[in-house]
Amino acid sequence: MKEVIEYIESNSERYISELKEFLRIPSISTDTEKAAEMQEAAEFVSSQLTLAGMSAVDIFSTNGHPIVWGERIEDPDLPTVLVYGHYDVQPVDPVELWEFNPFEPTIREGQIYARGATDDKGQMMIHFKSAEAFIERNGRLPVNLKFLIEGEEEIGSVHLEDFIRGHVDLLKTDAVLISDTAFFARGVPSICYGLRGLAYMEITVTGPKGDLHSGSFGGPVANPAFVLSQIVAPMKDEDERVTIPRFYDDVVSLTQRESDEWAALPFDEEEYKAELGVGALSGEAGYTPLEQLWARPTLEVNGLVSGFTGEGAKTVLPSTAMAKISMRLVPNQDFKKIEKLFEDYVKSVAPPSVQVEIKRMHGGKPWVASLDHPVLVTAAKAIEAGFGKRPVFQREGGSIPIVATFTELLEAPCLLMGIGLPDENAHAPNERLDLDNFFGGIRSSAFFLDQFSAATHS
Ligand code: BES
Ligand code: ZN
């Protein structure tokens, strides 16, 4: 291992310049004008996989963005690790709030700023670079290695499930390794063993066929902005519980063990509030902030538009109003069932004075793993070797829709070894990645492959 670690150290400058090259590609999956950039990012990934010694590298086209595949079967007797990641990134708006061009990676005080730095280009790349180090130093890997890198994670992994179903044998593995989550806090590495699921809906309320003078028509004609508020506001009660009937039916309650362990994590409510710039916390009554984030479902308004929002005052009764609403789900909620409950609820409360259209945007399954799996012990040791600190175990409030599918279809444990930081602005302006964590991640990845081989190979 010594030579492998030394190789990582002595190639650090080049690793950073390759990361920059990756970050320069504006691979925004929601943007239909970016098909060429998505292809370019897929090709960059495939060239990295070749550099990492993968013997079979392929780009599979789908009805959406391409999936990149790479594998190296070292020895059929060795265990296999499948690495999953995503090369797509979120849009950059509001772009005026960025300190640097989001696609011109810039390093300041040990952080690399760019869209995709932490989510997920920088994180996924740690596994390309650990594999490369083994190949360059030892001429071989300690495990059989497979890479499955998609371009649609940020839009709900729409085509990946079918791909997995169609390639179960190709994907056969002993563990799925993913770096797309964050440390508990700076200096506190973590292993994530649970993710929330997602049901994302869009509601459009339409009243009169065009905008009207709010004086000449306000009164007899329903105001869509107001009606939409009346539909949305009662979706949570004064205890911040979701009021949609049967919403909580399938929620698995939090275990005492988790509750105790989370209470022992270094979470400081005052610091949290100060960092976020909020005067007080809210959230479902009877649960701590970590419990609300990791073990309880919620409903959020992600966007709300209607009427006149420009400078000054314009008297207008808008013709339409639209809201984008997401519900984060926990085991064992089923996003399809929740989508239906949401639709039924909205239809039941919508007044006849307006028309309501409800669209299902994307969904994702929640996931939680057993804390007792031996792969977690191996991973904890690898992280300790890579970062010099034992990790804590945590869940996440965010979603990686395909993780539950991996568990179901590949029947292999998923290991979420994220190396981001909670304040690295994923999805927001000034996204960045800490470069010390990038290299700690590469070392941890190398230690994991080595120790997983030793632990599994009899
Ligand atoms: N890397 C994130 C998942 C994540 C979020 C991990 C928060 C840790 C903390 C992932 O790329 C992501 O943002 N997923 C989306 C999925 C959705 C668009 C289907 C999410 O959670 O919003
Ligand atoms: Zn991500």
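The values are calculated or read from the model by the stated rules, or taken from the named source; none is laboratory data. Model, not experiment: these values are computed from the prediction. Cβ atoms come from the backbone with ideal geometry, glycine included; neighbour counts cover every protein chain shown. Surface accessibility is based on the protein's heavy atoms, side chains included, excluding ligands, DNA and RNA. Shrake-Rupley method; radii C 1.70, N 1.55, O 1.52, S 1.80 Å.
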Open item on the list: Restricting to segment 138-156, count the residues that are open to solvent by 10 Å² or more (accessible area, probe 1.4 Å) and hydrophobic (A, V, I, L, M, F, W, C).
Closed with: 1
Open item on the list: It is to be established whether one or more residues within segment 439-450 are open to solvent by 20 Å² or more (accessible area, probe 1.4 Å), outside any helix (DSSP H, G or I) and at negative phi.
Closed with: no
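Do we have any residue at all in segment 90-106 that's within 16 Å of ligand 2 (Cβ to nearest atom), touching a Lys or Arg at 6+ places or on another chain (Cβ under 9 Å) and either aromatic (Phe, Trp, Tyr) or closer than 28 Å to residue 404 by Cβ (or both)? Spell out the reasoning first.
Kept after step one, since they are within 16 Å of ligand 2 (Cβ to nearest atom), are these residues of segment 90-106: 90-92, 102.
Okay, now just the ones that are also touching a Lys or Arg at 6+ places or on another chain (Cβ under 9 Å), so 90-92, 102.
Now drop any that are not either aromatic (Phe, Trp, Tyr) or closer than 28 Å to residue 404 by Cβ (or both), which leaves 90-91.
Looking for residues that are within 16 Å of ligand 2 (Cβ to nearest atom), touching a Lys or Arg at 6+ places or on another chain (Cβ under 9 Å) and either aromatic (Phe, Trp, Tyr) or closer than 28 Å to residue 404 by Cβ (or both), one finds at least one in segment 90-106, hence yes.
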- [ ] Please work out if residue 399 is open to solvent by 10 Å² or more (accessible area, probe 1.4 Å), at pLDDT 95 or above and within 16 Å of ligand 2 (Cβ to nearest atom).
- [x] yes
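Kindly check whether there is at least one residue in segment 169-184 that is under 25 Å from residue 434 (Cα atoms), more than 16 Å from ligand 2 (Cβ to nearest atom) and modelled with pLDDT of 95 or more. Reasoning before the result, please.
Residues of segment 169-184 that are under 25 Å from residue 434 (Cα atoms), as a first pass: 176-184.
Filter once more, keeping what is more than 16 Å from ligand 2 (Cβ to nearest atom): 184.
Narrowing further to those that are modelled with pLDDT of 95 or more: 184.
Yes, segment 169-184 contains a residue that is under 25 Å from residue 434 (Cα atoms), more than 16 Å from ligand 2 (Cβ to nearest atom) and modelled with pLDDT of 95 or more.
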- [ ] Please identify the pairs in which a residue from segment 301-327 that is part of a strand (DSSP E or B) has its Cβ atom under 8 Å from the Cβ atom of a residue that is open to solvent by 30 Å² or more (accessible area, probe 1.4 Å) and within 16 Å of ligand 2 (Cβ to nearest atom), counting only partners at least 6 apart or on another chain.
- [x] 302/200; 324/200; 325/200; 326/200; 327/200
Open item on the list: Of the residues 397, 363, 418, only one is touching a residue at least 40 places away in the same chain (Cβ under 8 Å) and in a strand (DSSP E or B); which?
Closed with: 363
Open item on the list: Taking the conditions exactly as written (away from ligand 1 (no atom under 16 Å from the Cβ) and modelled with pLDDT under 95), does residue 372 satisfy them or not?
Closed with: yes
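Just checking, how many residues over segment 411-436 are open to solvent by 20 Å² or more (accessible area, probe 1.4 Å) and more than 12 Å from ligand 1 (Cβ to nearest atom)?
Filtering segment 411-436 down to residues open to solvent by 20 Å² or more (accessible area, probe 1.4 Å) leaves 411, 413, 422-423, 425-430, 432, 436.
Now drop any that are not more than 12 Å from ligand 1 (Cβ to nearest atom), which leaves 411, 413, 429-430, 432, 436.
Qualifying residue count, segment 411-436: 6.
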- [ ] Give me a count of the residues in segment 114-154 that are within 16 Å of ligand 1 (Cβ to nearest atom), part of a helix (DSSP H, G or I) and either among the charged types (D, E, K, R) or more than 18 Å from the chain's Cα centre (by Cα) (or both).
- [x] 5
Task: Sole exception among (1) assigned to a helix (DSSP H, G or I); (2) out of contact with any strand residue (DSSP E or B) (no Cβ under 8 Å at 6 or more places or on another chain) for residue 427, by number - done: (1)
Open item on the list: Exactly one of these conditions fails for residue 456: (1) within 17 Å of the chain's Cα centre (by Cα); (2) open to solvent by 10 Å² or more (accessible area, probe 1.4 Å); (3) farther than 30 Å from residue 98 by Cβ. Give me its number.
Closed with: (1)
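A quick yes/no check of all residues on (1) open to solvent by 60 Å² or more (accessible area, probe 1.4 Å); (2) free of Cβ contacts under 8 Å to residues at least 24 places away in the same chain; (3) under 17 Å from residue 394 (Cβ atoms):
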residue	(1), (2), (3)
232	no, no, no
238	yes, yes, no
255	yes, yes, yes
270	yes, yes, no
277	yes, yes, no
282	yes, no, no
286	yes, no, no
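From the list 265, 228, which one is among the aliphatic types (A, V, I, L, M) and closer than 30 Å to residue 392 by Cα? Before you say what the answer is, go through the steps one by one.
Details: 228 fails: closer than 30 Å to residue 392 by Cα.
Going through 265, 228 in turn, just one is among the aliphatic types (A, V, I, L, M) and closer than 30 Å to residue 392 by Cα: 265.
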TODO: Go through segment 157-170 residue by residue and tally those that are surrounded by fewer than 21 Cβ atoms within 10 Å (Cβ to Cβ) and either of a type in the set (D, E, K, R) or within 12 Å of ligand 1 (Cβ to nearest atom) (or both).
DONE: 5
